[in-house]
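Have a look at the structure below, then the notes.
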Amino acid sequence: MSLRVVVADDQEIVRTGLAMILDAQPGIEVVGVAADGREAVDVARRLRPDVCLFDIRMPELDGIEATRRLAGPDVADPMAVVVITTFDLDEYVHAALRAGARGFLLKNAGAAMLSQAVHAAANGDALIAPSVTARLLATFAGSAPSASPAQPVDPLTEREEQILAAVARGRTNNEIGAEFHITLSTVKSHVTSLMNKLGARNRVEIAMWAYETGRARR
């Protein structure tokens, strides 16, 4: 069964292009499009797609606010959102992830990475453009957080620390399993345990906690 995707971008040629690229990928179907953030939220709530692909700079509501309304901390049943933009700015990445996005891509990413990001988001993984990841990691590692990060309910095990660092590097569950020679179900169990201990709702929030506590440098 194909993944159902909603695409939102205020530029018609970009919106149409993204929809055509995604529709051409096996296992992906674009079921709705929107020209601004408010319409994007309405369409997404009506269609309940597997993944939303939102541009950041849109009229009415920007992509970050649209993401927050569909996937933010106060949303009971958050959707999977991937944010895509031409602007490679740290504050956009941070804001998008804080708003609940499960991926951040640049518009020059290419069809393969676009497809990978959609599949990753649908599976609960997070994909951040490789060109952004290393700099983002350095930015968080080198800056003091505005508030002390919450401490885990129970101490992390050595294996959980390893999984935490791998998640923060953007590794998927399959890649983590291969790196540590453990089964996919074992990886998922560790990730679930991390979410419970950290009070995180998804692996992006796990990664953000790793950045803020300096663990992502390990």
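The values are calculated or read from the model by the stated rules, or taken from the named source; none is laboratory data. What you are looking at is a predicted structure, and each value in this text was computed from that prediction instead of being measured. Cβ: placed from backbone, ideal geometry, glycine included. Neighbour counts: every protein chain shown. SASA here: full protein model, heavy atoms, side chains in, ligands and nucleic acids out. Shrake-Rupley method; radii C 1.70, N 1.55, O 1.52, S 1.80 Å.
Sorted from largest to smallest, which semi-axis lengths in Å does the alpha carbon gyration tensor of the range 8-130 give for its equivalent ellipsoid, taking the root of 5 times each eigenvalue?
18, 16, 15
Given the options ASP42, ASP50, ASP154, state which has the largest fluctuation in a GNM of the chain using a 10 Å cut-off (strictly under) for Cα springs.
Fluctuation is largest for ASP154.
Could you order SER185, SER2 so the one with the most accessible surface comes first? Probe is 1.4 Å.
Ranked from most to least accessible, the order is SER185, SER2.
So how far, in whole Å, is the C-alpha centre of the range 41-90 from the one of the range 1-40?
Spelled out, the Cα-based centre of one part sits 13 Å from the other.
Highest GNM mean-square fluctuation, the chain, Cα pairs closer than 10 Å: which of ALA165, ALA80, ALA101?
ALA165
By accessible area of protein heavy atoms, probe 1.4 Å, what ranking do PHE180, PHE87, PHE104 get, highest first?
Largest to smallest exposure gives the sequence PHE87, PHE180, PHE104.
When the accessible area of the range 1-104 is computed with all protein chains present and a 1.4 Å probe, what percentage of it is carbon and sulfur?
49 percent
Compute the relative contact order of the chain as a whole-number percentage, counting only Cα pairs closer than 8 Å that sit 6 or more residues apart in sequence.
Relative contact order comes out at 15 percent.
Run the quick spin-label model on LEU47 and GLU60: label points 7 Å from Cα toward the beta carbon, then report their separation in nm to one decimal.
About 1.3 nm, to one decimal.
Let me know the charge dipole size of the chain about its Cα centre in debye, to the nearest 20, where only the beta-carbon of Lys, Arg (+1) and Asp, Glu (-1) is charged.
So the magnitude is around 500 debye.
Nothing charged except the Cβ atoms of Lys and Arg (+1) and of Asp and Glu (-1): what's the magnitude of the dipole of the range 1-95 about its Cα centre? Round to the nearest 20 debye.
It works out to roughly 360 debye.
For SER2, what charge total do you get from the other residues with a beta carbon under 14 Å from its beta carbon, if Lys and Arg give +1 and Asp and Glu give -1?
-2
Please list MET1, MET113, MET79 from largest to smallest accessible area, probe radius 1.4 Å, with all protein chains kept in place.
MET1, MET113, MET79
Given a 10 angstrom Cα cut-off, can you work out which residue in THR186, THR16, THR67 is the most mobile in a GNM of the chain?
Looking only at THR186, THR16, THR67, the biggest GNM fluctuation is shown by THR186.
List the residues whose amide H sits under 5 Å from the amide H of VAL82, counting only those 5 or more places along or on another chain, with H placed 1.01 Å from N in the peptide plane.
So VAL82 has HN proximity to CYS52, LEU53, PHE54, ARG102.
Excluding ligands and nucleic acids, what accessible area in Å² is computed for ARG4 using a 1.4 Å probe, to the nearest 10?
Answer for ARG4: close to 70 Å² accessible.
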